[in-house]
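The values are calculated or read from the model by the stated rules, or taken from the named source; none is laboratory data. As the structure is a computational prediction, the values presented were derived from the model and not from experiment. Here the Cβ is made from the backbone with ideal geometry for all residues, glycine too, and neighbour counts use every protein chain on show. Just so you know, the surface numbers come from the protein's heavy atoms only, side chains and all, with ligands and any DNA or RNA stripped out. Shrake-Rupley method; radii C 1.70, N 1.55, O 1.52, S 1.80 Å.
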Amino acid sequence: MPHILILGGTTEARRLAAELAARPHTRVTTSLAGRVSRPGTVEGDLRIGGFGGAEGLAAWLREHHVTAVVDATHPFAGAITANAARAAVATGTPAVVLRRPGWQPGPTDRWHWADSLADAADLLPPLGRRVLLTTGRLGLAAFAHLTGLHFVARSVEPPAPPMPPRTEVLLARGPFTEADETRLLRDRRIDVIVTKDSGGEATAAKLTAARKLALPVVVVRRPPLPDGVTAVAGVEAVLERLERAPKP
Ligand code: NAP
């Protein structure tokens, strides 16, 4: 029976698991890193925690007779993507990478592209004093030295220090509407936003709200995919690729 391993942590991974789990004679396992305390329901089998690098993942693929691996991790989860590519080659397992498309600026948008969180921090001071930071709870250290700016840091789980001294933590999980985001930006008197180029609908409303309020946005570029790896953009494209993959 085919056994598909989905490296998850995204909405698309969850949707794919539901599609595959509904198929007869298909085993599907979703793997999560274990970063959030309440991951929500996932169809099919679920395993949580690191594999121990590319070698550990390769061993897991062999031990569990995985017939195809789908890397549906977040575009900024670069280490697991590199490990998955290496493990797939080492074990001869067919692999597909699912990446939602990145966001594109509109003609009136005031976007400033950054190559890293550190680069985003360097860009900030001339752009504004009150910052909405949506780069995730593990990225606050890159902004910790910006003592003169006020940050509203939004994340799903509480962030860990170090973080900037003037940080207001806002715990929230998307999706967010444009009305929610406009209200937040106005209420907190935000004058600049920092985001990763995560893509997708669930967290895109901050960008349309920023457009409406003519606010600058610092957008952190995605890390490149490993050499030789290409990605498909949606769940349907992954299903097509899996159909075409060699059967066990
Ligand atoms: P990362 O830097 O690429 O991964 C660090 C380590 O975490 C990996 O080497 C691996 O440990 C383990 N890991 C990551 N994803 C895993 C998975 N799906 N299953 C099992 N182990 C996994 O990743 P990250 O940026 O910390 O993100 C962790 C997870 O959160 C990802 O699965 C991603 O989809 C999700 N996520 C990330 C972001 C983001 O902005 N980075 C945003 C939303 C969701 P071993 O080497 O021990 O195998």
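Residue-by-condition table, conditions (1) within 28 Å of Asp122 (Cα to Cα); (2) assigned by TED's automatic domain parsing to the domain that holds Leu117; (3) charged (D, E, K, R):
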| site | (1), (2), (3) |
| --- | --- |
| Phe151 | yes, yes, no |
| Ser155 | yes, yes, no |
| Val169 | yes, yes, no |
| Thr177 | no, yes, no |
| Arg186 | yes, yes, yes |
| Gly199 | yes, yes, no |
| Thr203 | yes, yes, no |
| Leu239 | no, no, no |
- Task: Could you tell me whether Ala68 is within 30 Å of Arg244 (Cβ to Cβ), within 14 Å of the ligand (Cβ to nearest atom) and among the aliphatic types (A, V, I, L, M)?
- Result: no
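How many residues does the stretch 191-248 contain that are at positive phi and modelled with pLDDT under 95? First the steps, then the outcome.
Filtering the stretch 191-248 for residues at positive phi gives 199-200, 214, 228.
From the residues that got through so far, the ones that are modelled with pLDDT under 95 too are 200, 228.
Adding up the residues that qualify gives 2.
Going through Arg47, Arg99 one at a time, which residue ends up being of a type in the set (D, E, K, R) and touching a Pro at 6+ places or on another chain (Cβ under 9 Å)?
On the way: Arg47 fails: touching a Pro at 6+ places or on another chain (Cβ under 9 Å).
None of the other options fit; the residue is Arg99.
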- Item | Selection count where residues are in a helix (DSSP H, G or I) and more than 20 Å from Leu215 (Cα to Cα), scope the stretch 141-152 | 2
- Within the stretch 6-18, restricting attention to residues that are modelled with pLDDT of 95 or more and part of a helix (DSSP H, G or I), which residue is farthest from Asn83 (Cα to Cα)? Ala18
- Query: Can you pull out the residues in the stretch 19-45 that are farther than 21 Å from Pro75 by Cα and either open to solvent by less than 50 Å² (accessible area, probe 1.4 Å) or not in a loop (DSSP other than H, G, I, E, B) (or both)?
  - Reply: Glu19, Leu20, Ala21, Thr26, Arg27, Val28, Gly44, Asp45
- Message: Going residue by residue through the stretch 34-52, is there one that turns out to be over 18 Å from Leu239 (Cα atoms) and touching a helix residue (DSSP H, G or I) at 6+ places or on another chain (Cβ under 7 Å)?
- Response: yes
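For every residue, the table says whether it meets (1) touching a Lys or Arg at 6+ places or on another chain (Cβ under 9 Å); (2) free of Cβ contacts under 8 Å to residues at least 12 places away in the same chain; (3) more than 16 Å from the ligand (Cβ to nearest atom).
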{"residue": "Gly128", "(1), (2), (3)": "no, no, yes"}
{"residue": "Gly136", "(1), (2), (3)": "yes, no, no"}
{"residue": "Gly139", "(1), (2), (3)": "yes, no, no"}
{"residue": "Phe143", "(1), (2), (3)": "no, no, no"}
{"residue": "Ala160", "(1), (2), (3)": "yes, no, no"}
{"residue": "Pro165", "(1), (2), (3)": "no, no, yes"}
- Give me a count of the residues in the stretch 14-54 that are within 7 Å of the ligand (Cβ to nearest atom) and either under 19 Å from Val97 (Cα atoms) or not assigned by TED's automatic domain parsing to the domain that holds Val238 (or both). 6
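Do we find that Ala84 is within 14 Å of the ligand (Cβ to nearest atom), touching a residue at least 24 places away in the same chain (Cβ under 8 Å) and touching an Asp or Glu at 6+ places or on another chain (Cβ under 7 Å) in this structure?
yes
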- Task: Confirm whether His74 is away from the ligand (no atom under 11 Å from the Cβ) and either closer than 18 Å to Ile4 by Cβ or touching a residue at least 12 places away in the same chain (Cβ under 8 Å) (or both).
- Result: no
